[in-house]
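Below you'll find the structure, written out as structure tokens, and then a few comments.
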Amino acid sequence: MRHGWVYIYESPPASERFEELVDHFALDGISLTNPGTGRAISLSPIGEQILTTREGILKELTERKEVPFNFYLDSTTNLFCSIDKLNDKVLREGYSLDGKTEQESERVIKSLTDLFCKRAENRVAFGLVVDKYAGLHRDFHWDDFFVGDTPVPPEWPLLLGFSKSFGKLSVVPDRLFVREEANNHILFRRVEN
């Protein structure tokens, strides 16, 4: 697997989505603080590491449009996350799988897929993408597809999730995916050749 990105598209408020995320990850043994040091790290707008707390990140979410910070899979493996306000009605959570082993990537992907499914069933998330080729298409970002006018992506990813009310649901090519339907959402898992 080429390690790319996982994105979840959802409804505000950012503080509620963040609290759900921290609590959900904790159940999977992924923590906001480094298990070795007990420290939480956010990043400044220019990329400097800042010692912070859960409350500190919540405060940043009310003051900034983009809030990057780390989670920890263990004391030596961090997971970069950013919660971005795309507009008044849409948030995007982004997670970098860069530098993760196959097992670590699969752990994160499973946890985030479960979180998306819960949120979609509660009608607070409408999109999920697991894109292992994120860096290959410099002129495309998933925002263009999920909240913009781009009708289809340049390449289909490993996994997609949509609320059943998402307008571009019909463009997903069934021949490339196994479809898993629930009450309010659908997952499309890429068929490996």
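Going by what's in this entry, would Val152 be described as loosely packed, with under 13 Cβ neighbours inside 10 Å, among the hydrophobic types (A, V, I, L, M, F, W, C), at negative phi and in a loop (DSSP other than H, G, I, E, B)? It is true that Val152 is loosely packed, with under 13 Cβ neighbours inside 10 Å, among the hydrophobic types (A, V, I, L, M, F, W, C), at negative phi and in a loop (DSSP other than H, G, I, E, B). Listed conditions (1) loosely packed, with under 14 Cβ neighbours inside 10 Å; (2) at pLDDT below 95 are all met by Leu27, apart from (2).
May I ask you to verify whether Arg119 is in contact with a strand residue (DSSP E or B) (Cβ under 6 Å, 6 or more places away or on another chain) and among the charged types (D, E, K, R)? Spelling it out, Arg119 is indeed in contact with a strand residue (DSSP E or B) (Cβ under 6 Å, 6 or more places away or on another chain) and among the charged types (D, E, K, R).
Does Asp23 meet the test of being over 20 Å from Glu60 (Cα atoms) and among the acidic types (Asp, Glu)?
Working: over 20 Å from Glu60 (Cα atoms): no; among the acidic types (Asp, Glu): yes.
Criteria not met by Asp23.
Could you count how many residues in region 22-48 are out of contact with any Leu (no Cβ under 6 Å at 6 or more places or on another chain), farther than 20 Å from Gly161 by Cα and outside any loop (DSSP other than H, G, I, E, B)? Selection size over region 22-48: 7. Can you confirm whether region 38-61 contains a residue that is touching a Ser or Thr at 6+ places or on another chain (Cβ under 9 Å) and under 21 Å from Phe126 (Cβ atoms)? Yes, because at least one residue in region 38-61 is touching a Ser or Thr at 6+ places or on another chain (Cβ under 9 Å) and under 21 Å from Phe126 (Cβ atoms). Just to be sure, is Tyr7 within 25 Å of Val130 (Cβ to Cβ), touching a helix residue (DSSP H, G or I) at 6+ places or on another chain (Cβ under 6 Å) and either in contact (Cβ under 8 Å) with a residue 24 or more places away in the chain or among the hydroxyl-bearing types (Ser, Thr, Tyr) (or both)? It is true that Tyr7 is within 25 Å of Val130 (Cβ to Cβ), touching a helix residue (DSSP H, G or I) at 6+ places or on another chain (Cβ under 6 Å) and either in contact (Cβ under 8 Å) with a residue 24 or more places away in the chain or among the hydroxyl-bearing types (Ser, Thr, Tyr) (or both). Only one entry of Val124, Val129 meets the criterion of being closer than 20 Å to Asp98 by Cβ, surrounded by 14 or more Cβ atoms within 10 Å (Cβ to Cβ), touching a helix residue (DSSP H, G or I) at 6+ places or on another chain (Cβ under 8 Å) and among the aliphatic types (A, V, I, L, M), and that entry is Val129. For region 62-106, the set of residues classified as of a type in the set (Phe, Trp, Tyr) and either buried (at least 18 other Cβ atoms within 10 Å of the Cβ) or not in a strand (DSSP E or B) (or both) consists of Phe69, Phe71, Tyr72, Tyr95, listed by residue number. I'm told Glu19 meets every condition in (1) in contact with a strand residue (DSSP E or B) (Cβ under 8 Å, 6 or more places away or on another chain); (2) assigned to a helix (DSSP H, G or I) except one. Can you identify the failing condition by its number? Exception for Glu19: condition (1). Restricting Ile41, Ile57, Ile109 to those that are within 30 Å of Lys168 (Cα to Cα), surrounded by 19 or more Cβ atoms within 10 Å (Cβ to Cβ) and β-branched (Val, Ile, Thr) reduces the list to Ile109. Out of the residues in region 153-174 that are small (Gly, Ala, Ser) and at pLDDT 95 or above, which is farthest from Val191 (Cα to Cα)? Among residues in region 153-174 that are small (Gly, Ala, Ser) and at pLDDT 95 or above, the one farthest from Val191 (Cα to Cα) is Ser163.
Could you list, in sequence order, the residues of region 107-136 that are in a loop (DSSP other than H, G, I, E, B) and either modelled with pLDDT under 95 or of a type in the set (Gly, Ala, Ser) (or both)?
Within region 107-136, Lys132, Tyr133 qualify.
The values are calculated or read from the model by the stated rules, or taken from the named source; none is laboratory data. All values reported here derive from a predicted model rather than from experimental measurement. Neighbour counts run over all protein chains shown; Cβ positions are idealised from the backbone, glycine included.
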